[in-house]
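Before any comments, here is the structure.
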Amino acid sequence: MTTTLDALKTWVDQVEAHTQPEAVHWCTGSDEEYQDLVELMLAIGTLRKLNKKTHPGCYLHLSDPGDVARVEHLTFVCTEHEDDAGPNNLWMAPAKAHEKMDALFSGCMQGRVMYVIPYCMGPIDSPYSRCGVEITDSPYVVINMKLMTRMGSKALARIEREGTFVRGLHSTGELDPERRFIVHFPDELSIKSYGSGYGGNALLGKKCHALRIASYQARQEGWLAEHMLIVGLESPEGVVHYIACAFPSACGKTNLAMLIPPESMKGWKAWTLGDDIAWLHFDDDGKMRAVNPESGYFGVVPGTNPKTNKNAYDMIMHDAIFTNVATTADNQPWWEGKGDGSPARDWQGRDYDEANGPAAHPNSRFTVAATNNPAYTNLADAPEGVPISAIVFGGRRKRVAPLVFEAKSWEHGVLVGAGTASETTAAMVGDVGVVRRDPMAMKPFCGYNFADYWAHWLSLPSRSEHLPRIFHVNWFRQDDEGNFLWPGFGENIRVLEWMIERCEGRAGAHETPIGFLPHAADLNTNGLDIAAGTLDELLTVDTQEWRDEMKSVLEYLETYGDRLPGELKAQQKIIADALDEALARAS
Ligand code: OXD
Ligand code: MN
């Protein structure tokens, strides 16, 4: 197989000449191709079959122990001017970056097969979708891309029709952290990634294309590429609202996207459209519509059990790839928080020994096609996407942020998004549990200067008169003893129900300096076992704490210097002044 598109053919030929693979394989995306690659990987030992009876079609991949997460400190955005990448990105001049990467790629595929993967991010026939081609020497990447994206012949046909595509070049190289870089050239719509086989670094359609490159493109074209799940909530009356939520990595996006309403919320249904990325476009009527560019999930495994996320638990019982989980004596996958069985071998393939730490890596992952999900809806493949009623920001905060509040306006909502903060998790290399600002949950993923990104968000009212309402949630508030105050998981639908009713103009709320909060009575707590005092605590905002938060947000925003949109500072001042007034009244 090859292509009729000269630009693609020329690029593939150049890469072949430069990396010198033993063979070139154009991926068709067929099931047979997937199976052949699985067999190849089983034969060379980079994939292991899991228990066929309990987990048919499931495989385990154990990665290099030094290659288990995204590497933000080795990820670069290479714009001509450093300021265009902004303080939120590491920057390298494009010419220097190409030179550095080309040296690494030189001859790196000798003795390996070079796979050419045409893929389409988004429904194959949607005007909102964008295509790319990833060249890689990793069969693991190919089989993951098969589950995660619409890849192969159909994508190639679209690329040949359109003539444009994002170029992603990847090699696992030597897996040497000293020779590992993930670099993006947004102006050229290209990505070069070397030295890592880990998902976010190697499956280039995901973070590299669908967020970093796409966010840059989206600004030019007037849409948004966001780190958001998309969930549809159907009320007992059959009305469906779609909500897009941005939470930082490993803060429960997958769980919320797949939530199962509790028994006591009779008649409610939830549909998963996406668990990680949303592309938000405007239709001809100015309505915001979302498509999920992906067609599968690359989710964090630990903590997944029938109580936390039954749909996920069920969907990974078959036809799933596990990366860096442990295994039981009878070769079933095992992880901390599975709630069943015990580990015999850990994620490095060693006999399990508690002294070596967790049996499954805290950032161990599953890869599955979206259609495995019992809450899959074929609207996930609808070219026109789904209309978005509400946008939700949130983070993992032990204190400060209440369970939920609604922004007073779009502009205020942009400030709320820009001020999002979370305690760090195992999804990225570095210390766990440190509070960091993660605006719109895009800190690791925005492909250009955050100041310009916020200006783009702030410009949207000029494109649409029907922008969604913006909310902020915090499922993770704790009491002084470190207990979570809110039960979370399926019960989160109660908070989403309040949002939906706000969108429909039905739910009560009271105005506070930080936004609109529900009274305890505005939340549907029928059948929920929660003490009145706990609910009050969840909905309490400590004025002084939020004043300090606003000061810290301002300090953060000011690191963006002159490019920071004045509107954002004006919004911060409105909130800070209102809090000062409340403090003065109280004293
Ligand atoms: C992810 C992440 O893998 O955000 O989705 O780290
Ligand atoms: Mn993510």
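Using only the alpha-carbon atoms, how far is helix 493-503 inclined from the longest principal axis of the chain? Give it as 0 to 90 degrees, nearest 10.
The two axes meet at around 70 degrees.
Convert each backbone phi in region 520-535 into a coupling constant with the Karplus relation 6.51 cos²θ - 1.76 cosθ + 1.60 (shift: θ = phi - 60°), then list the ³J(HN,Hα) values in order as whole Hz, x for Gly and Pro.
Residue by residue, region 520-535 yields 3, 6, 6, 8, 7, 10, 4, x, 9, 8, 9, 6, 4, x, 5, 5 Hz.
Could you give each residue of region 146-159 its phi-based ³J(HN,Hα) in whole Hz, using Karplus coefficients 6.51, -1.76, 1.60 with θ = phi - 60°, and x for Gly or Pro?
Residue by residue, region 146-159 yields 5, 7, 9, 9, 8, 10, x, 4, 5, 5, 4, 4, 5, 4 Hz.
Greater than 30 Å separation of Cα atoms is the criterion. Which listed pairs, LYS307/LYS408; LYS192/LYS253; LYS53/LYS266; LYS206/LYS310; LYS207/LYS266; LYS398/LYS569, meet it? Intermediate values should be presented prior to the final figure.
On the way: LYS307/LYS408 35 Å; LYS192/LYS253 28 Å; LYS53/LYS266 34 Å; LYS206/LYS310 25 Å; LYS207/LYS266 37 Å; LYS398/LYS569 26 Å.
Table pairs above 30 Å Cα-Cα are LYS307/LYS408; LYS53/LYS266; LYS207/LYS266.
For helix 31-44, report the angle its Cα long axis makes with the longest principal axis of the Cα atoms of the chain; keep it between 0 and 90° and round to the nearest 10°.
Helix 31-44 sits at roughly 70 degrees to that axis.
Taking R0 as 45 Å, what's the FRET efficiency between GLN478 and GLU16 from their Cβ-Cβ distance, rounded to 0.05?
0.25
So if we plug the beta-carbon distance of ALA43 and ALA355 into 1/(1 + (r/R0)^6) with R0 = 30 Å, what FRET efficiency do we get, rounded to 0.05?
0.35
In region 1-129, what percentage of the DSSP-assigned beta bridges are antiparallel, given to the nearest 5?
Details: 2 of 8 bridges.
In region 1-129, approximately 25 percent of DSSP beta bridges are antiparallel ones.
Just to make sure I understand: if all protein chains stay in place, what is the order of GLU237, GLU465, GLU537 by accessible area at 1.4 Å, largest first?
Solvent-accessible surface, decreasing: GLU465, GLU237, GLU537.
So if each residue of separation counts as 0.36 nm, and I subtract the Cα-Cα distance between SER464 and GLU162, what length gain in nm does that give?
Result: 105.9 nm gained on full extension.
For ALA93 and LYS307, compute 0.36 nm times the residue count separating them, minus their Cα-Cα distance, and round to one decimal in nm.
Gain on extension, ALA93 to LYS307, equals 72.2 nm.
Using a cut-off of under 20 Å, list every residue of region 359-384 whose amide N is near the label point 7 Å from the Cα of LEU175 along the Cα-to-beta-carbon line.
Counting backbone N atoms under 20 Å from the label point, the list is 359-367.
In whole Å, what are the Cα extents of region 299-372 along the three principal axes, biggest one first?
The Cα atoms of region 299-372 stretch 37, 23, 22 Å along their principal axes.
Quote the FRET efficiency, to the nearest 0.05, computed for SER106 versus ALA23 with a Förster distance R0 of 25 Å and r equal to the Cβ-Cβ distance.
Working: r = 18 Å, r/R0 = 0.74.
According to the calculation, E is roughly 0.85.
Pairing the Cα long axis of helix 543-558 with the longest principal axis of the chain, what angle in degrees results, from 0 to 90 and rounded to the nearest 10?
40
Provide the gained length on full extension for the span ASP536 to ALA586, in nm with one decimal, where the gain is 0.36 nm per separating residue minus the Cα-Cα distance. Provide the component values of the computation, followed by the final result.
Values: separation 50, 0.36 × 50 = 18.00 nm, distance 1.93 nm.
Net length gain for the segment: 16.1 nm.
The values are calculated or read from the model by the stated rules, or taken from the named source; none is laboratory data. This structure is a prediction, so every number in the text was calculated from the model and none was measured. Ideal geometry is used to build each Cβ from the backbone, glycine not excepted, and the neighbour counts take in all protein chains shown. Heads up: the accessible areas ignore ligands, DNA and RNA and are worked out on the full protein's heavy atoms, side chains in. Shrake-Rupley method; radii C 1.70, N 1.55, O 1.52, S 1.80 Å.
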